[in-house]
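All of the numbers you see were taken from the coordinates with simple rules; none came from a lab. Only a predicted model underlies this, so the values are computations on that prediction, with no experimental measurement involved. Cβ coordinates were reconstructed from backbone atoms using ideal geometry, including for glycine residues, and neighbour counts include every protein chain displayed.
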Amino acid sequence: YIINRGKKDWPTARMVRKIPLIGGYLRDLGFSDSMAAASRMIKGKVSIIDALEESANATTVPEVSQYWTNAVEQLSRGINLGSALDKPPLTRAERLELATLSDLDQVATIMDAIAEMRTQSSRTKHKLIVWLAFVLTGAYLALAFGSAIYALTVMNVSMDSMMGGLMEGAL
């Protein structure tokens, strides 16, 4: 706790995000939440720079936060909004939607659409994670019971042979 105090990213969180399915799930949730927050702020007439800065703070996923921070830096340098938001962590479909951007009212609508796409993607990944956990738990239980039955069978065979040897000596 003391070593990591004040940091936004923890070593265990980095390790969890490296797991392919779970990392994608967390990234989708981060984009969904931050895009929805940015959209609400833009609809509420908050300045675009402030909305993007707050969106960077609205997520705990460093990759998503970095996306928003980079967009703010690009806007500060004078690059137009569509180009500033059209960056790699977004999927190709999301980037194509941002390429059609013409005015600020469309930004909120496009961000809502991206948030919805990311929400659907996260739901799909969540279901896959749950089913994968269920299947792996079943496989683990089958392996555990199978090895226990095998061990009991081996012990029973050895007990039978030992008891057979004792019974032959008694007769």
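Here's the yes/no breakdown for (1) among the charged types (D, E, K, R); (2) in a loop (DSSP other than H, G, I, E, B); (3) free of Cβ contacts under 8 Å to residues at least 60 places away in the same chain; (4) surrounded by 18 or more Cβ atoms within 10 Å (Cβ to Cβ):
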| residue | (1), (2), (3), (4) |
| --- | --- |
| VAL16 | no, no, yes, no |
| LEU21 | no, no, no, no |
| GLY30 | no, no, yes, yes |
| ALA36 | no, no, no, yes |
| LYS45 | yes, yes, yes, no |
| THR60 | no, yes, yes, no |
| SER65 | no, no, yes, yes |
| TRP68 | no, no, yes, yes |
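Selection of the range 58-87 for residues being over 12 Å from PHE31 (Cβ atoms) and of a type in the set (Gly, Ala, Ser) yields ALA71, SER76, GLY78, GLY82, SER83, ALA84. For ILE49, the conditions (1) touching a His at 6+ places or on another chain (Cβ under 7 Å); (2) within 19 Å of ASP105 (Cα to Cα) all hold with the exception of (1).
Mind listing whichever residues of the range 47-58 are surrounded by fewer than 22 Cβ atoms within 10 Å (Cβ to Cβ) and of a type in the set (Ser, Thr, Tyr)? If the condition is that a residue be surrounded by fewer than 22 Cβ atoms within 10 Å (Cβ to Cβ) and of a type in the set (Ser, Thr, Tyr), then SER47 is the only one that fits.
Quick grid of which residues meet (1) within 27 Å of MET15 (Cβ to Cβ); (2) of a type outside the set (D, E, K, R); (3) within 23 Å of the chain's Cα centre (by Cα):
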{"site": "SER34", "(1), (2), (3)": "yes, yes, yes"}
{"site": "ILE48", "(1), (2), (3)": "no, yes, no"}
{"site": "THR100", "(1), (2), (3)": "no, yes, no"}
{"site": "ILE110", "(1), (2), (3)": "no, yes, yes"}
